[in-house]
Amino acid sequence: MSKSIQQILEQDSLTKENIIQLLQSSGDDEKALFAKSSEIKLKYIGKNVYFRGLVEFSNICKKDCLYCGIRAGNKNVDRYDIADEEILKAAKFAYDNNYGSVVLQSGERSDKQFVDRIENLLKEIKKLSNNELGITISLGEQTKETYQRWYDAGAHRYLLRIESSNRELYEKIHPQNENHAHDTRLACLKSLQDIGYQTGTGVMVGIPFQTYEDLANDLLFMKEFDIDMVGMGPFIEHDETPLYEHRDKLMSLNDRFRLTLRMIAVLRILMKDINIASATALQAIDPLGREKALRIGANIIMPNITPTQERANYLLYQNKPCIDEGADDCTNCMEARINMADGEIGYGQWGDSKHYANRTKK
Ligand code: SF4
């Protein structure tokens, strides 16, 4: 006989079967799950929500992930690459407004010019903020040497989503070539951890062909890998991508949204002291999506500080929110939203992953 959700939530550890049951919960069971994860968040993380000012500085990408709106093969995208001065201006904005940290994100490139440029930008951001701004980068798969150079230049957190820990599923949503190999992704995550980055990963929730067991395995993978931070969002289809032809296999947007919240809640129960980002894609489905995620377990939010004129061109998925607000509007809106979720903004702080501190102390 299977256990009740209440019994599972009282256990000290969760089996894969328990996780699947939690991910499938609804109604009062789902409420009990969210109450538990919220309690754990308050106990281990507190009310603080940390900002990461997000600069999506270029949508030029050499890859062709089958789900992504800015994949190299999509010729309908207006490609942009924001000038260094503009990126530094955005970082200065984050510093002046006490954000504590920035995230630099772009499509994937690994040519020498790009690698050198990032190294230089990292040094400049450190300089303009008297070494005070924390820097996360999310620039895809690179050589260990490149990761090391960027780490030495000042980046200390790296986000590289595994997208799915199931190799077969990963291969269904990526082209079959060495540029998109699951093994490379895993090796990159390992290199990042070895170098000393706070290492972040994440998955898309609700992709075609994905099962509850896949998602449970994703969460167990994060625990097993001893990951420090996670960003997970609901999969949102883009009609200019190959994966769109499988849209008949998708659950409703609302079901993908609820399932993402349950993923966040279970992850918070499994990994009590990690940083969990409240993904923008949640807000694309529910206007209060990010606040709901903060209440049940997330503690990081990434206000978009990319210069407004380029935001509309960084569409990994469609109906992306906040593409026409200036950075100032974004901050005000965030403040109100976080208060609404009963959180407090950790202004001027890096908001590092407590898990990282705990695991590197061992
Ligand atoms: S998901 Fe990232 S690496 Fe893949 S095509 Fe999109 S921007 Fe490029």
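The values are calculated or read from the model by the stated rules, or taken from the named source; none is laboratory data. Since we're looking at a predicted model, the values are computed, not measured. Virtual Cβ from ideal backbone geometry, glycine too; neighbours counted across all protein chains shown.
If only residues of the range 147-162 that are hydrophobic (A, V, I, L, M, F, W, C) and either assigned to a loop (DSSP other than H, G, I, E, B) or more than 25 Å from Tyr99 (Cβ to Cβ) (or both) are counted, the one that is farthest from the ligand (Cβ to nearest atom) is Ala155.
Residues checked against (1) under 24 Å from Ala298 (Cβ atoms); (2) buried (at least 23 other Cβ atoms within 10 Å of the Cβ); (3) away from the ligand (no atom under 16 Å from the Cβ); (4) of a type in the set (Ser, Thr, Tyr):
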site	(1), (2), (3), (4)
Glu30	yes, no, yes, no
Leu33	yes, yes, yes, no
Val55	yes, yes, no, no
Lys63	no, no, no, no
Val77	no, no, no, no
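When the range 127-143 is filtered for residues that are in contact with a Ser or Thr (Cβ under 7 Å, 6 or more places away or on another chain) and among the small types (Gly, Ala, Ser), only Gly134 remains. For the range 119-146, a tally of residues being part of a helix (DSSP H, G or I) and surrounded by fewer than 23 Cβ atoms within 10 Å (Cβ to Cβ) returns 11. Within the option set Tyr67, Tyr50, being under 29 Å from Arg262 (Cβ atoms), within 14 Å of the ligand (Cβ to nearest atom) and either without any contact (Cβ under 8 Å) to a residue 60 or more places away in the chain or surrounded by 15 or more Cβ atoms within 10 Å (Cβ to Cβ) (or both) holds for one residue only, Tyr67.
Tallying residues that are within 14 Å of the ligand (Cβ to nearest atom), acidic (Asp, Glu) and over 21 Å from the mean Cα position of the chain (by Cα) within the range 79-111 yields 1.
Just so you know, in the range 91-133 the residues that are touching a residue at least 60 places away in the same chain (Cβ under 8 Å) and among the aliphatic types (A, V, I, L, M) include one that is farthest from Phe57 (Cα to Cα), and it is Ala94.
Applying the criterion of at least 2 residues that are touching a strand residue (DSSP E or B) at 6+ places or on another chain (Cβ under 9 Å) and not hydrophobic (A, V, I, L, M, F, W, C) to the helices (runs of 4 or more DSSP H) found wholly in the range 255-313 leaves 289-296, 308-311. Against the list (1) closer than 27 Å to Asp64 by Cβ; (2) basic (Lys, Arg); (3) modelled with pLDDT of 80 or more, the condition Arg295 fails is (1).
The criterion of at least 3 residues that are out of contact with any helix residue (DSSP H, G or I) (no Cβ under 8 Å at 6 or more places or on another chain), more than 21 Å from Lys41 (Cα to Cα) and in contact (Cβ under 8 Å) with a residue 12 or more places away in the chain is met by the following helices (runs of 4 or more DSSP H) wholly inside the range 163-235: 182-195.
Kindly establish whether Ile323 is more than 21 Å from Lys92 (Cβ to Cβ), of a type in the set (A, V, I, L, M) and either modelled with pLDDT of 80 or more or outside any loop (DSSP other than H, G, I, E, B) (or both). So Ile323 does not fit the description; no. Of everything listed in (1) within 16 Å of the ligand (Cβ to nearest atom); (2) hydrophobic (A, V, I, L, M, F, W, C); (3) buried (at least 21 other Cβ atoms within 10 Å of the Cβ), the single unmet condition for Ile8 is (1). For Ile227, the requirement of being within 19 Å of Thr136 (Cα to Cα) and crowded, with 24+ Cβ neighbours inside 10 Å is met. Evaluate the following for Phe114: is it within 16 Å of the ligand (Cβ to nearest atom), of a type outside the set (D, E, K, R), assigned to a helix (DSSP H, G or I) and over 25 Å from Leu261 (Cα atoms)? Here the answer is yes, as Phe114 does meet what is asked.
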